[in-house]
Amino acid sequence: MAVLGVQMMMLREQVAEQGMFAVLQRLKQLDIDAVEVSQIPMDAANTAGLERGRDELGIEVGALSVALKAGPTATGDALDADFDKIVADCARLGVRFVRIGMMPFTAMVSKDACEAWAADCEDAAQRLAEHGITLCYHNHHVDLAQFEGERVFDIVRRVAPSLNFEVDLHWVQRGGMAPLDMLKAYSGVCKLIHVKDFRIVPLPQAAVDEMTSGDRAAGFAMFVNLAQFAEVGQGNMNWPELLPASEAAGAEYFFIEQDDTYGRDPFDCIADSRRYLASIGY
């Protein structure tokens, strides 16, 4: 069974305030077995905290987040500028996967730009493989856009066959593809899975007020934007089918993630997701 963890992006403020090990202690109390580190600096203190969490709490570091190239929009270490450090961090922490969280916007605007970016990913994936590290790419809804009838995801797979995937099932759903179809289409390379629900909230009274006051555009904009990120089990996604299908597609880690908790304490959101997953056998 895939190891169940948390995307630490949800807890970056808590790590900054309390320290890495203290946050890992709370996650252990919630029956979390692994973490994926993103949007948190891999500095000396945090790396030491992760190592201590592994050794004393048994919490695996399932994946580290990296950028392909350093630049103003990159978060954390980059494969072009920090390759040796990334490899050393993986060796120290027992990490087998690193993941690119998003392609740069400049690569999303044309087929040629996407192919060029994917070619650089292929080079990086091959270099990392020499050190026993698998490079994965995390999708968003934009990866279901098409150039000349070919999905961005398919372009990346064609140009970068050494690259594996971190499938964010929420963003697949939001991109208009059935998540079960995605997992079937990319079976064998879906090594990491973001477990994130998708809910539609009720229409707010404010939308009715805008419509009845004559501002139909404002009211309709509220109507169109009812989608939210949700705690696992509190949305509309079919997790009893999706999680076994994810494992069949190659998943080794499931990471709970919620991009926005809408004012709730993220630990409470993680606890709700964990309870639901336990209720269906995970």
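Mind listing just one residue for me: the one in the range 2-24 that is of a type in the set (A, V, I, L, M) and outside any helix (DSSP H, G or I) and, of those, surrounded by the most Cβ atoms within 10 Å (Cβ to Cβ)?
6
Six or more apart or on different chains, Cβ under 6 Å: which pairs go from a residue in the range 42-60 that's over 17 Å from residue 12 (Cβ atoms) to one that's of a type in the set (Phe, Trp, Tyr)? Could you list them?
Partner pairs satisfying both residue conditions: 52/21.
Under 6 Å between Cβ atoms, which residue pairs at least 6 apart in sequence (or on different chains) link something in the range 245-261 that is more than 28 Å from residue 13 (Cα to Cα) with a partner that is of a type in the set (A, V, I, L, M) and assigned to a helix (DSSP H, G or I)?
Correct list of pairs: 245/180; 245/183; 246/183; 249/183.
Only residues that are within 21 Å of residue 246 (Cβ to Cβ), in contact with a helix residue (DSSP H, G or I) (Cβ under 6 Å, 6 or more places away or on another chain) and small (Gly, Ala, Ser): list them for the range 1-56, please.
2, 38 - these are the residues of the range 1-56 that are within 21 Å of residue 246 (Cβ to Cβ), in contact with a helix residue (DSSP H, G or I) (Cβ under 6 Å, 6 or more places away or on another chain) and small (Gly, Ala, Ser).
When the range 204-244 is examined, which residues are found to be without any contact (Cβ under 8 Å) to a residue 12 or more places away in the chain, acidic (Asp, Glu) and not in a helix (DSSP H, G or I)?
Residue satisfying the conditions is 215 alone.
Checking the condition modelled with pLDDT of 95 or more and in contact with a Pro (Cβ under 6 Å, 6 or more places away or on another chain), which residue from 172, 156 passes?
Answer to the check: 172.
Of the numbered conditions (1) closer than 26 Å to residue 251 by Cα; (2) surrounded by fewer than 19 Cβ atoms within 10 Å (Cβ to Cβ); (3) at pLDDT below 95; (4) not charged (D, E, K, R), residue 83 satisfies every one except a single condition; which is it?
(3) is the only condition that residue 83 fails.
For the range 86-108, give me the residue count where each residue is surrounded by 13 or more Cβ atoms within 10 Å (Cβ to Cβ), over 22 Å from residue 52 (Cα atoms) and out of contact with any His (no Cβ under 8 Å at 6 or more places or on another chain).
Of the residues in that region, 5 qualify.
Which of the residues belonging to the range 134-180 are crowded, with 23+ Cβ neighbours inside 10 Å and hydroxyl-bearing (Ser, Thr, Tyr)?
The answer is 137, and nothing else.
For residues that are without any contact (Cβ under 8 Å) to a residue 40 or more places away in the chain and closer than 20 Å to residue 100 by Cβ, scanning just the range 1-25, find the one that is nearest to the chain's Cα centre (by Cα).
8
Which condition number in (1) in contact with a helix residue (DSSP H, G or I) (Cβ under 7 Å, 6 or more places away or on another chain); (2) modelled with pLDDT of 95 or more is the one that residue 219 fails?
Of everything listed in (1) in contact with a helix residue (DSSP H, G or I) (Cβ under 7 Å, 6 or more places away or on another chain); (2) modelled with pLDDT of 95 or more, residue 219 misses just condition (2).
Filtering the range 25-50 down to residues that are part of a helix (DSSP H, G or I) and either of a type in the set (Gly, Ala, Ser) or touching a Lys or Arg at 6+ places or on another chain (Cβ under 8 Å) (or both), which residue is surrounded by the most Cβ atoms within 10 Å (Cβ to Cβ)?
So, considering only residues that are part of a helix (DSSP H, G or I) and either of a type in the set (Gly, Ala, Ser) or touching a Lys or Arg at 6+ places or on another chain (Cβ under 8 Å) (or both), the one surrounded by the most Cβ atoms within 10 Å (Cβ to Cβ) is 47.
So, residue 114, is that one of a type in the set (A, V, I, L, M, F, W, C), crowded, with 16+ Cβ neighbours inside 10 Å and part of a strand (DSSP E or B) or not?
Here the answer is no, as residue 114 does not meet what is asked.
Looking only at residues in the range 51-103 that are assigned to a loop (DSSP other than H, G, I, E, B) and small (Gly, Ala, Ser), which one is nearest to residue 165 (Cα to Cα)?
Result: 101.
The values are calculated or read from the model by the stated rules, or taken from the named source; none is laboratory data. Every value quoted in this text rests on a predicted model; they were computed, and no experiment measured them. Note that we place each Cβ from the backbone using ideal geometry, even for glycine, and neighbour counts take in every protein chain shown.
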